[in-house]
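The values are calculated or read from the model by the stated rules, or taken from the named source; none is laboratory data. Predicted model only: the values in this text are computed from it and were never measured. Cβ sites come from the backbone with ideal geometry, for glycine too, and all protein chains shown count toward neighbours. Accessible surface areas use protein heavy atoms only, side chains included; no ligands, DNA or RNA. Shrake-Rupley method; radii C 1.70, N 1.55, O 1.52, S 1.80 Å.
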Amino acid sequence: FHKSMERQVWSKDSITTEDCAVVQTKVDGTETLVASCYMDGNDVECPSQDFKNLVNHAKQHNIALIIGTDSNAHNTAWKSRICDKKRKERGDKLLEYILANDMFIENVGNTPTFDNGRWSNSIDLTITNRPGHKLVSGWRVHEGDRLEHSSDHRFITFQSTGSTLLDRQNFRDISKTNWEVFESDLAKRMSNHANAFSVIDSSEKLDAAADLLSSNIIASFNTATELTYVSAKVKPPPWDTAEVKDARREMRGRIRKASKKKNRDPTL
């Protein structure tokens with residue numbers, strides 16, 4: 001993960017489950033929930049209760065919501081190529097819920113989001129509430145080699161229309177401040193502006209003195225604290241060990257073999 005994410009994105013454990021991972025951050029100053037939610041195709045209920053809980057939480061707290069979901073549901077509204085009876089019923093229920101709750105499907109185009117080498121369909125959705133809808137643009141499916149990511153599901157990306165806290169590429173780390181330099185620099189600045197603090201007999205002079213004190217403190221802090229530059233690179237997670245990489249290579253080989261067989265479920 002990006003090293004600058006730790007203080008700017010946090011897990012929402014209260015609404016996170018085995019099938020629904022949720023984090024919260026700010027996008028363009030807007031509190032935003034970003035979630036990955038899996039829906040079991042064998043579940044009669046669609047959307048899942050986890051999904052509904054997430055939507056209700058965002059509604060109660062007036063938070064923007066962006067959900068990426070493997071819906072296991074078919075509907076022509078999101079360009080499903082195959083619509084079997086069971087998953088079409090799920091799709092109808094999901095679409096009805098989306099419309100009833102003033103939500104949006106961000107999918108654009110008809111490129112399948114699922115491709116196992118023999119069957120392809122659109123089952124992966126990006127769903128937002130109204131505040132979240134304003135933050136999403138440039139939605140697309142990447143038609144790369146599916147073996148690159150060892151999944152039948154293609155990568156989906158979109159852009160945020162606003163700025164995020166992650167846009168900041170540098171900052172001053174207070175833990176690295178040289179406090180001796182800070183105290184010395186501040187003393188000099190205060191001495192140079194001593195007259196501004198000698199007589200404060202009006203609210204205007206008080207406001208001016210407060211502004212000057214604040215600017216002096218900030219200037220001294222900047223002098224005593226070097227900029228820390230944050231790399232734009234995303235480092236691999238700690239669990240991506242050599243053993244995991246070996247297992248991934250083995251999985252890719254098995255996917256190649258499985259894709260040649262003709263007994264895969266065409267309803268996915």
Q) Which of the residues that make up segment 112-140 are without any contact (Cβ under 8 Å) to a residue 40 or more places away in the chain and of a type outside the set (Gly, Ala, Ser)? A) 115, 130, 133, 139, 140
**Q.** Looking only at segment 112-129, and only at residues there that are of a type in the set (S, T, N, Q) and open to solvent by 20 Å² or more (accessible area, probe 1.4 Å), the one that is nearest to residue 69 (Cα to Cα)
**A.** 129
Q.
Filter segment 19-45 down to the residues that are open to solvent by 10 Å² or more (accessible area, probe 1.4 Å) and assigned to a loop (DSSP other than H, G, I, E, B) and list them by number.
A. 19, 28, 29, 40, 42, 43, 44, 45
**Q.** Test for residue 197: is it among the aromatic types (Phe, Trp, Tyr) and out of contact with any Phe, Trp or Tyr (no Cβ under 8 Å at 6 or more places or on another chain)
**A.** yes
Q. Say we look at segment 70-80 and pick out the residues that are touching a Phe, Trp or Tyr at 6+ places or on another chain (Cβ under 9 Å) and open to solvent by 10 Å² or more (accessible area, probe 1.4 Å); which of these is nearest to residue 151 (Cα to Cα)?
A. 70
(Q) Can you find, within segment 227-257, the residue that is modelled with the highest pLDDT among those that are open to solvent by less than 60 Å² (accessible area, probe 1.4 Å) and not in a helix (DSSP H, G or I)? (A) 241
**Q.** Residue check for residue 40: at pLDDT below 95 and more than 22 Å from residue 229 (Cα to Cα)
**A.** yes
Q) Condition test on residue 132, is it modelled with pLDDT of 90 or more, touching a His at 6+ places or on another chain (Cβ under 7 Å), outside any strand (DSSP E or B) and buried (at least 16 other Cβ atoms within 10 Å of the Cβ)? A) no
Q: Residues being in a loop (DSSP other than H, G, I, E, B) and closer than 24 Å to residue 143 by Cα: count how many of those fall in segment 85-108.
A: 3
Q. Exactly one of (1) part of a loop (DSSP other than H, G, I, E, B); (2) modelled with pLDDT of 90 or more is unmet by residue 53. Its number?
A. (1)
Q. From the list 111, 69, 126, which residue is among the hydroxyl-bearing types (Ser, Thr, Tyr) and part of a loop (DSSP other than H, G, I, E, B)?
A. 111
Q: Would you point out the residue of segment 180-226, among those that are of a type in the set (D, E, K, R) and assigned to a loop (DSSP other than H, G, I, E, B), that is surrounded by the fewest Cβ atoms within 10 Å (Cβ to Cβ)?
A: 201
